[in-house]
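The block underneath contains the structure these notes are about, expressed in structure tokens.
The values are calculated or read from the model by the stated rules, or taken from the named source; none is laboratory data. In this text the structure is predicted, and so the values were computed from the model without any measurement. All Cβ positions, glycine included, derive from the backbone under ideal geometry; neighbour counts span all protein chains shown. Heavy atoms of the whole protein, side chains included, go into the accessibility calculation; ligands, DNA and RNA do not. Shrake-Rupley method; radii C 1.70, N 1.55, O 1.52, S 1.80 Å.
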Amino acid sequence: MTSEVRIIGLKGPADIMPGVDLAAMIVEAAEDRGLSFSSGDILVVTQKVVSKAEGQLVDLHTVSPSPFAEQIARAQKKDPRLVEVVLRETKRVVKMDQRVIIVETRHGFVCANAGVDESNVAGEGTVALLPVDADLSARRLRQAIRDLTGIELAVIISDTLARPWREGFVNVAIGVAGLEPLKDYRGMPDTEGRMLQATTLAVADELASAAELVMGKLDRIPVAVIRGYSYTPGEGTATQLVRPPEKDLFR
């Protein structure tokens, strides 16, 4: 059991341009902080910088909304161009109410506006999309940092999601590389000797949420290093965190 965990924030540049070498930027930010990566570190990177580096940006001035998007925009009092972008990223509309559009994205995530976001994006009318494949993005970033430093670490790409029944937002893992995202306690005895039947912890989500404590939303700290947590190395993915339809009681 981990008895102490350290979380170190790494500042980023004022803005991330498409095509930037994100791994080199992170290594440089660590050096500026006087930090050397160690085997077993976990690197948590916000979705926004990954999306920017990968060019997952859309200029709303180039978007022509469909009649369906126009209809939804009128009902929800939203920009029809934004609604059109959301629909393009959507597999299934789950619910629309109170100016919120809840959808299932092409990735399988259920979230507001398909993860399409205007915050912390330079340029009037520019929005960021989720990475096309955040697990693949995490694997590529992990390999690139290994190539630069020779260090084996794990990578989590995080994004901010709301939670049913609870106020406030938390960061969760939408991309994972180098660790198992779930810790399964089923079949193990609890402290009273009773066998656990249902306890499976989403450790990748817990790590992403913990990292946000040093990142903030306004401080230009898009990367955090978590050190001291004894995770299970593996080829896990964030898609393992998405509950399959047959187990989802709310579909």
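So the values come out like this:
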| item | result |
| --- | --- |
| Some residue of the stretch 102-115 being more than 16 Å from the chain's Cα centre (by Cα) and open to solvent by 40 Å² or more (accessible area, probe 1.4 Å) | yes |
| Members of the stretch 171-215 that are over 28 Å from residue 152 (Cβ atoms) and not hydroxyl-bearing (Ser, Thr, Tyr) | 186, 187, 189, 190, 192, 193, 194, 195, 196, 197, 198 |
| Of residues in the stretch 210-234 being open to solvent by less than 10 Å² (accessible area, probe 1.4 Å) and assigned to a helix (DSSP H, G or I), the one farthest from residue 170 (Cα to Cα) | 215 |
| Hits in the stretch 9-60 (condition: without any contact (Cβ under 8 Å) to a residue 60 or more places away in the chain, farther than 15 Å from residue 224 by Cα and assigned to a helix (DSSP H, G or I)) | 53 |
| Residue tally, condition out of contact with any helix residue (DSSP H, G or I) (no Cβ under 6 Å at 6 or more places or on another chain), open to solvent by less than 10 Å² (accessible area, probe 1.4 Å) and within 20 Å of residue 31 (Cβ to Cβ), over the stretch 127-153 | 1 |
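Here is a yes/no grid of residues against (1) loosely packed, with under 15 Cβ neighbours inside 10 Å; (2) at pLDDT below 95; (3) within 14 Å of the chain's Cα centre (by Cα); (4) basic (Lys, Arg):
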{"site": "208", "(1), (2), (3), (4)": "no, no, yes, no"}
{"site": "239", "(1), (2), (3), (4)": "no, yes, yes, no"}
{"site": "242", "(1), (2), (3), (4)": "no, yes, yes, no"}
{"site": "245", "(1), (2), (3), (4)": "yes, yes, no, no"}
{"site": "251", "(1), (2), (3), (4)": "yes, yes, no, yes"}
